[in-house]
Amino acid sequence: MANDTSSTTAAPRRGRAAAAASAATAAPAPPPDPREAVAPLLDPRHRRTVGHLHALAASPPQVVLAEGGTAAERMALALYWAALLNCESPEDVPDDARPCLSCPSCVRMAGGGHRDLVVLDGNKPSAEEGSFSIENVRALRGLLGEPPREGRRRVVVLVDAHTRVEAANGLLKSLEEPRPTTCFVLLAPQRERLLPTLVSRSFVLTLAWPTDALPPSPAVRDWLDALVEFIQTGGGWMERTSRKGDLDAPLAAAVVLHCQRALADVLAGRAADPLGRLLAERMDPARLRRCDEALAAVQEALSLSPSPVNPALVMDWLATRLFLGVR
Ligand SMILES: [Zn+2]
């Protein structure tokens, strides 16, 4: 009975707000096997992101925003993070063995049913339990005034946060008073689809794009073409980046992500776009690896918010590296 997490036993003492949030917890029903639940994040493409989560765990930011990847990979990140923050492994267990995914806390955080895991899903109709409705967000705000029920940190996951702008606004208000025992995880395909005020409060983690991701937008395509031209001719690029305001951090990050996809295609021996073909033609494996490192460094710089770097200068650095790397 000690592990009974059903809302019916707890609701009368916890009031309406807690009951609503508890109902939200139970609704999305992730796979009951915690290993299965986090498996999409353990793809080698996400090694770097997992490393970031471990680095952040000592002093977790109030809001983590996970973008990129697939919906399943973003959800796996949220559950992995929830388990990592609450894993009950003894202190002498090495960091890379956490989350253990077998202690009672991990099992219920990653596998579902933990009383400190709240999941609101923007894809659900408002009337449904676990939806990202204004009522549920309001109820959640009530719950946030209370300490976690059984874990070290409550984890509130907002799935496809961009689909419910009003509810996200409601949530923003609750973020105005930081609560160190609560961590939010916002999941969205791209940060540009969220309110800028929400993004600016978040530590942004960008999952590697799935290989079947959508083709680049026209603006991104335009920059990718310019990059190809620069790598081939050494011209045209700096004139573009020096036009003030043309290349902001989100656009630069999108360009970098598509470069990473192109490189991933090359490294996997798949059909590549013009940039990928250019890299494949001119770089040996060692250079391709350096190219990968340069892209990762740039992605990291651009993903911090507020961005400490000038996106145009960072992209000039990257373009120059690619230009020199293929000579
Ligand atoms: Zn554990």
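Quick one: Phe323, Phe132, fewest Cβ neighbours within 10 Å first, how do they rank? Working shown, then result.
Details: Phe323 16, Phe132 27.
Placing the least packed residue first, the sequence is Phe323, Phe132.
Residues whose amide H comes within less than 5 Å of that of Asp121, counting only those at least five positions distant or on another chain, are Ser131, Phe132, Val159 (H built at 1.01 Å from N in the peptide plane). Taking other Cβ atoms within 10 Å as a rough exposure proxy, Met315, Met109, Met283 sort from fewest to most as Met283, Met315, Met109.
Principal axis extents of the C-alpha atoms in segment 218-325 (largest first, rounded to whole Å): 36, 27, 25.
Of Glu73, Glu150, Glu91, the sequence from fewest to most neighbouring Cβ atoms within 10 angstrom is Glu91, Glu150, Glu73.
Annotation: extensible slack from Lys244 through Ser59 equals 63.0 nm (criterion: 0.36 nm per residue apart, minus Cα-Cα distance).
Sequence-ordered 3J(HN,Hα) estimates for segment 275-289 from the Karplus curve with 6.51, -1.76 and 1.60 and θ = phi - 60° stand at 5, x, 5, 5, 5, 4, 5, 10, 10, 7, x, 5, 5, 4, 5 Hz, glycine and proline given as x. Given R₀ = 56 Å, what would the calculated FRET efficiency be for Ala297 paired with Ala127, taking r from the Cβ atoms and rounding to 0.05? So the FRET efficiency works out to roughly 0.75.
A short reminder: the numbers here are calculations on the coordinates, not readings from a lab. Keep in mind that what you see is a predicted model, and the values were worked out from it rather than measured. With ideal geometry, Cβ positions are generated from the backbone for all residues, glycine too; neighbour counts draw on all protein chains shown.
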